[in-house]
1. About the Cα centre of the range 1-63, how large is the charge dipole given +1 on each Lys and Arg Cβ and -1 on each Asp and Glu Cβ? Please answer in debye to the nearest 20.
2. What is the gain in length, in nm to one decimal, between Glu179 and His191 on full extension, counting 0.36 nm per residue of separation less the C-alpha to C-alpha distance?
3. Run the count for the chain, please: Lys pairs, Cα-Cα under 20 angstrom, 8 or more apart or on different chains.
4. Please list, in order along the range 160-172, the HN-Hα scalar couplings obtained from phi with the Karplus expression 6.51 cos²θ - 1.76 cosθ + 1.60 (θ = phi - 60°), rounded to whole Hz, x for Gly and Pro.
5. What distance in nm separates the simple spin-label points at Val18 and Asp61, each placed 7 Å from Cα in the Cβ direction?
6. If one puts a single equal scatterer on every Cα of the range 81-170 and applies the Debye formula without solvent, what log₁₀ I(q)/I(0) results at q = 0.19, 0.23 Å⁻¹?
7. What are the residues whose amide H is under 5 Å from the amide H of Asp134, where those residues sit 5 or more places off or on another chain and H is modelled from the backbone?
8. Would any residue of the range 120-138 have its amide N under 12 Å from a label point 7 Å out along Cα→Cβ of Glu54? List them or say none.
Amino acid sequence: MRLYLSSYRLGDHAEKLVEIAGSGRVAVIGNALDFLPDTARRKYSAEVYNPINEFKALGLDAEGLDLRLYFGQEQALRRRLSDFDMVWLLGGNAFLLMRAIRYSRFDRILHDLIENDDIAYGGFSAGAVVATPDLRGIDLMDPVDQLAEGYRSEVEWTGMNLVNFSIVPHYRSNHPEAESAEKAAAYMRHHQMPHLMMVDGDVYFSSLNGQGLLQKKT
C-alpha cells in the first residue's frame with residue numbers, strides 16, 4: 001500500500017511524495033471544503049493556495065476531481081479513477097469529506113485499486129483523518145453538522161481504515177486548530193484509542209521501501 005499522509009499541505013517531505021506517486025497523474029479532491037461558497041474557494045485558490053500548482057511544481061500532472069459529480073454513480077467514478085496514479089484529498093471538514101466518500105462509494109473503489117497497487121493515496125488534515133478507522137475525537141476539531149447542498153445530516157464516524165490508528169493533525173503547531181487538536185489528542189488518550197499526533201510538517205508514509213513517521217524538518 002502506497003500512502004502519504006500529511007498534517008498540513010504537502011508537509012516537509014515532498015520528495016517522498018514524488019517517490020510514492022511516481023510520474024503519473026494526481027486527482028485532487030477538495031470535497032472537505034464543500035461547505036464554502038464556490039466564489040470563496042476560487043478566490044482562495046487564486047490568491048492563497050492552489051494544490052494543483054504545488055503538484056505541477058514537483059513535476060506531477062494534477063487536476064481536480066469533484067466527488068459530488070459521482071454521488072450514486074459508483075461505476076462512473078471507478079472508470080474515472082482508473083485514469084489516475086494517485087489521489088490527493090485536501091483538508092477542511094473531515095465529516096463532510098467522509099460523507100462524500102460514502103455517497104460516491106469512493107472508499108470501496110479505493111480499496112480495490114490499492115489492493116492491486118493501481119493507485120496511491122495521499123491527503124492532508126481531513127484528507128489524512130479519513131484514512132483512519134475511527135473519527136471519534138475529531139468532532140472536537142471539526143463540527144459534525146457543517147453541511148452543504150446534497151449532504152445529509154447523518155454522521156459518518158467510521159473512516160476508510162487504510163491505517164490502524166487515528167490521526168490528530170496540527171498538533172502543537174502554528175495553526176488555528178492547534179488548541180482543538182490538544183483536546184482531540186486528550187480524548188483519544190482517555191479512550192485508549194491508538195493514535196498518531198502530527199505536527200504541521202510531519203508526514204506518515206507507507207511504500208515498498210517501508211513505512212513510518214517522517215518528522216517536521218527543523
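Just so you know, all these numbers are worked out from the coordinates, no wet-lab data involved. All values reported here derive from a predicted model rather than from experimental measurement. Here the Cβ is made from the backbone with ideal geometry for all residues, glycine too, and neighbour counts use every protein chain on show.
1. My answer is approximately 60 debye.
2. Computed gain between Glu179 and His191 is 2.4 nm.
3. 4
4. Each residue of the range 160-172 in turn: 8, 6, 7, 10, 9, 8, 7, 10, 10, x, 6, 5, 6 Hz.
5. Label-label distance for Val18 and Asp61, simple model: 1.8 nm.
6. Results for the range 81-170 at q = 0.19, 0.23 Å⁻¹ read -0.84, -1.19.
7. Hits under the 5 Å cutoff: Gly159.
8. 123-128
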